[in-house]
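Read the figures in this text as sums done on the coordinates, not as results from a lab. It should be emphasised that the depicted structure is a prediction, and the values quoted were computed from it without experimental measurement. Virtual Cβ from ideal backbone geometry, glycine too; neighbours counted across all protein chains shown.
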Amino acid sequence: MQKYPQKPAFRLITIPVSHYCEKARWALERLNIPYIEERHVPPIHRLATSQAGGSSVPILITEAGTFTDSTDILHYLDRIASGEAKLYPTDPQLRHEVEQLAALFDTQLGPSIRCWAYFYVFDDWQLMRRLWGEGTPLVEQALFSIAFPIARSIARRIYNITADSAASSLGTIKSIFEMVSDRLADGRRYLVGDRFSAADLSFACFAAPILATPEYSVRLPGLHELPSQMAAVSQELQEIPAGAYARRLFRQERLHKYLEERLHLAG
């Protein structure tokens, strides 16, 4: 097993439910790198990110520097990982393929799922309190009732969350799921080559909120907790190859690997 510096532990600044933050968490855990997660409620998180030299989350603070983008975080972790643990293939052609897919998921799937999901759940005060507040400082949880209306208004404006944009986002989501399903149609286990990569990790993380993935780091709402239109879409996507694949990755490549590492360390 590869060993990483134990002191000081890396610091990861996050918003609990963010699928971009989940991407960084999974990569750190997969490489068995100790880290301390600092979760914050939006928009209070801006105090922490500005102090770290960034604006959005996730931010990873290390001895080697501060990384303020989920893709930059994965690239850095890949540089310090052993050959077997690397998230990007060493073969140039395969690496290019992984980076292209990961970029598509980063720039198209991630924002589309965020827009679509927030359009439906932003008016569910209690659900948003859980999704944005789980694991955050108690003082921030106490301030949620003040912070949330401000953050919701900002998010609706910045991310252009409207009925039309939600419908357009769902079209993008379904198109990407169809592309991934087509790619898996030849029976391959992973999207590129014969090993788990940043492309697989990125797709699984970004798809998780729309699939109600139970192994996600924050408890996502089950189908019975969602508006009927959301639940119908989630059920539909769970049942196609891309959806089943994303959920399998969480079960087999995240939960299993994470527990395996913990048992190894304990033994």
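Ranked highest first by the average count of other Cβ atoms within 10 Å around their residues, in what order do 104-111, 23-30, 201-208 fall?
Details: 104-111: 19.2, 23-30: 23.0, 201-208: 26.9.
Ranking the peptides 104-111, 23-30, 201-208 by packing returns 201-208, 23-30, 104-111.
Nearest 20 debye, what's the magnitude of the dipole of the chain about its Cα centre given +1 on Lys and Arg Cβ and -1 on Asp and Glu Cβ? Display every interim value, and only then the final one.
Working: 29 positive and 30 negative charges, 98 e Å.
Rounded to the nearest 20 debye, it is 480 debye.
Which value, in debye to the nearest 20, gives the size of the charge dipole of region 101-151 about its Cα centre, when Lys and Arg are +1 and Asp and Glu are -1 at the Cβ? Please list the in-between numbers first.
Details: 3 positive and 5 negative charges, 3 e Å.
About 20 debye.
Using DSSP to define loop residues, name the chymotrypsin sites (Phe, Trp or Tyr not before Pro) in region 109-159 whose beta-carbon has at most 10 other beta-carbon atoms within 10 Å.
Sparse-neighbourhood loop chymotrypsin sites (Phe, Trp or Tyr not before Pro): none present.
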Among T136, L184, L223 the positive-end extreme of the charge dipole of region 92-266 (Cβ point charges): T136
- prompt: Under 18 Å from a point 7 Å along the Cα-to-Cβ line of R195: which residues of region 45-89 have their amide N that close?
  reply: 74-89
- prompt: On average, how much area does the Cα convex hull of region 10-80 cover when viewed from any direction, in nm²?
  reply: 4.1
- line: For region 169-175, in residue order, the Karplus 3J(HN,Hα) values (coefficients 6.51, -1.76, 1.60; θ = phi - 60°; whole Hz; Gly and Pro = x) are 4, 5, x, 5, 4, 5, 5
- prompt: Which whole-number percent gives the relative contact order of the chain, counting Cα pairs below 8 Å spaced six or more residues apart?
  reply: 22
message: Please list 3J(HN,Hα) in residue order for region 237-243, calculated via the Karplus relation 6.51 cos²θ - 1.76 cosθ + 1.60 where θ = phi - 60°; whole Hz, with x for glycine and proline.
response: 6, 4, 8, 9, x, 5, x
statement: Taking placed amide H atoms and a strict 5 Å upper bound, the residues 5 or more places from I59 or on another chain that come that close are I13
- line: Output ordering of 56-62, 71-77, 148-154 (per-residue mean of other Cβ within 10 Å, highest first) is 56-62, 71-77, 148-154
statement: Here region 95-100 yields Karplus 3J(HN,Hα) values (6.51, -1.76, 1.60; θ = phi - 60°; whole Hz; Gly and Pro given as x) of 4, 4, 5, 4, 5, 5
query: So which trypsin sites (Lys or Arg not before Pro) in region 37-107 end up in coil per DSSP with only 11 or fewer other C-beta atoms within 10 Å?
result: none
- request: With a cut-off of at most 16 other beta carbons within 10 Å, and DSSP calling the residue loop, which GluC sites (Glu not before Pro) in region 89-187 qualify? Please list them.
  value: E134
message: Give me, ordered by chain and number, the residues 5 or more places off E37 or on other chains with an amide H under 5 Å from its own placed amide H.
response: L12
- line: Stokes-Einstein, Kirkwood over Cα pairs, region 92-266, 25 °C, 0.890 mPa s; D in µm²/s equals 140
